[in-house]
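The values are calculated or read from the model by the stated rules, or taken from the named source; none is laboratory data. It should be emphasised that the depicted structure is a prediction, and the values quoted were computed from it without experimental measurement. Ideal geometry is used to build each Cβ from the backbone, glycine not excepted, and the neighbour counts take in all protein chains shown.
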């Protein structure tokens with residue numbers, strides 16, 4: 001780690017009381033305020049609403065008016081004389097056009113509706129994704145802190161053992177190999193500790209990227225939590241995911257929009273009928289000639305029949321069809337990915353429950369084994385290598401238990417996202433599993 005990063009990490013770890021404590025919901029609110037992806041999705045919904053309004057407006061009456069005032073000087077010459085006249089000219093025009101039959105405009109409006117719904121589903125998807133990212137990054141920091149804490153505790157314990165072995169070796173009570181075993185193990189722990197510090201720094205930066213705020217002391221996971229299996233049949237949950245997941249909903253709207261675009265392009269082959277009304281009042285004619293006051297009213301039906309567009313219409317229709325097929329193919333890929341994600345999150349969450357139970361039992365067993373090895377070493381029936389192995393197994397069990405707990409929480413939230421049922425209530429539930437008392441790793445300052 002560079003010097004600046006090391007200092008920041010040391011302040012974060014050693015002096016947690018200098019920073020305010022933050023729980024999961026606080027970090028989530030920070031992420032809502034800072035996440036550019038969520039803001040972009042929200043802006044897209046506004047764009048979709050504007051596009052739909054534009055498409056509707058094209059089917060409504062189009063009214064325009066114009067006015068012209070002019071000062072004119074007219075000179076007429078003949079073989080016998082030249083006449084000059086000055087006059088003021090006025091011209092007023094009012095025009096109203098209304099589409100009577102234009103299927104392209106209708107299907108374009110339907111397409112805009114689907115696009116608006118697509119953007120709304122994508123906004124929901126972005127909200128769900130943000131919740132998952134907050135949980136993953138928040139507990140990613142806690143997990144990295146735990147792993148570093150275990151290594152620091154193991155290092156401290158091994159350093160005490162090294163001091164003890166050095167004293168015993170000086171009195172010729174232990175072999176040189178015992179001393180070498182402890183020194184080798186201590187070096188391994190120090191190397192792992194450096195890696196754990198790097199992982200923690202990366203996790204903190206990852207959370208900062210999400211919230212655009214340097215994380216303060218985070219609430220810790222309580223010890224007494226009832227980790228329950230996800231209930232229900234997996235196939236039933238997959239069916240729920242297919243109907244509720246906003247990613248699939250957005251893709252279905254994309255398919256519908258593409259289908260409407262095909263209808264738009266087909267409509268380009270059909271006649272277009274417009275109703276027109278014009279009112280014209282002027283006293284000037286061609287090149288502002290003085291023609292006297294003239295008032296004209298025109299009501300007309302215009303029929304426009306497409307005959308040949310150089311192949312443009314045909315190729316646009318071909319493109320629209322291919323885009324429709326592309327949307328359907330992407331939908332199939334997303335369905336398969338959703339099934340995999342739902343299954344993986346469901347099975348992994350339930351597996352984590354069994355893993356937590358097994359790790360808790362393993363921790364008790366390894367603690368007893370370590371105590372037995374230490375007692376045996378005192379009486380000379382066990383070697384220091386055996387004690388170190390037992391100690392290493394105990395800390396390994398602690399690490400596995402910690403990982404299993406965080407894995408359960410992350411996979412549970414992933415599952416709720418996949419099924420499309422994730423809400424802020426799920427975050428509140430996870431937040432209730434936290435406690436304000438910090439349990440931060442110590443002595444990080446000595447490592448810098």
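Taking the condition part of a helix (DSSP H, G or I) and free of Cβ contacts under 8 Å to residues at least 24 places away in the same chain, does residue 261 pass? Let's see the steps before the verdict.
On the way: part of a helix (DSSP H, G or I): yes; free of Cβ contacts under 8 Å to residues at least 24 places away in the same chain: no.
So residue 261 fails the test.
Does any residue of the range 100-112 turn out to be more than 30 Å from residue 295 (Cβ to Cβ), out of contact with any strand residue (DSSP E or B) (no Cβ under 9 Å at 6 or more places or on another chain) and outside any helix (DSSP H, G or I)?
So far as the range 100-112 goes, no, none of its residues is more than 30 Å from residue 295 (Cβ to Cβ), out of contact with any strand residue (DSSP E or B) (no Cβ under 9 Å at 6 or more places or on another chain) and outside any helix (DSSP H, G or I).
Residues checked against (1) within 29 Å of residue 244 (Cα to Cα); (2) surrounded by 17 or more Cβ atoms within 10 Å (Cβ to Cβ); (3) touching a residue at least 24 places away in the same chain (Cβ under 8 Å):
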{"site": "333", "(1), (2), (3)": "yes, no, no"}
{"site": "359", "(1), (2), (3)": "no, yes, yes"}
{"site": "403", "(1), (2), (3)": "no, yes, yes"}
{"site": "406", "(1), (2), (3)": "yes, yes, yes"}
{"site": "416", "(1), (2), (3)": "yes, yes, no"}
{"site": "419", "(1), (2), (3)": "yes, yes, yes"}
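Condition test on residue 161, is it in a helix (DSSP H, G or I), surrounded by 17 or more Cβ atoms within 10 Å (Cβ to Cβ) and modelled with pLDDT of 95 or more?
no
Among the residues of the range 287-294, is there at least one that is crowded, with 16+ Cβ neighbours inside 10 Å and either more than 30 Å from residue 90 (Cα to Cα) or under 36 Å from the mean Cα position of the chain (by Cα) (or both)?
Kept after step one, since they are crowded, with 16+ Cβ neighbours inside 10 Å, are these residues of the range 287-294: 288.
Pick out the ones that are also either more than 30 Å from residue 90 (Cα to Cα) or under 36 Å from the mean Cα position of the chain (by Cα) (or both) and you get none.
There is no residue in the range 287-294 that is crowded, with 16+ Cβ neighbours inside 10 Å and either more than 30 Å from residue 90 (Cα to Cα) or under 36 Å from the mean Cα position of the chain (by Cα) (or both).
Return the pair list, or none, for Cβ contacts closer than 7 Å from residues in the range 298-314 that are more than 13 Å from residue 265 (Cβ to Cβ) to residues that are in a loop (DSSP other than H, G, I, E, B), at least 6 apart or on different chains.
303/271; 304/271; 305/271
All but one of (1) surrounded by fewer than 20 Cβ atoms within 10 Å (Cβ to Cβ); (2) at pLDDT 95 or above hold for residue 392; state the number of the condition that does not hold.
(2)
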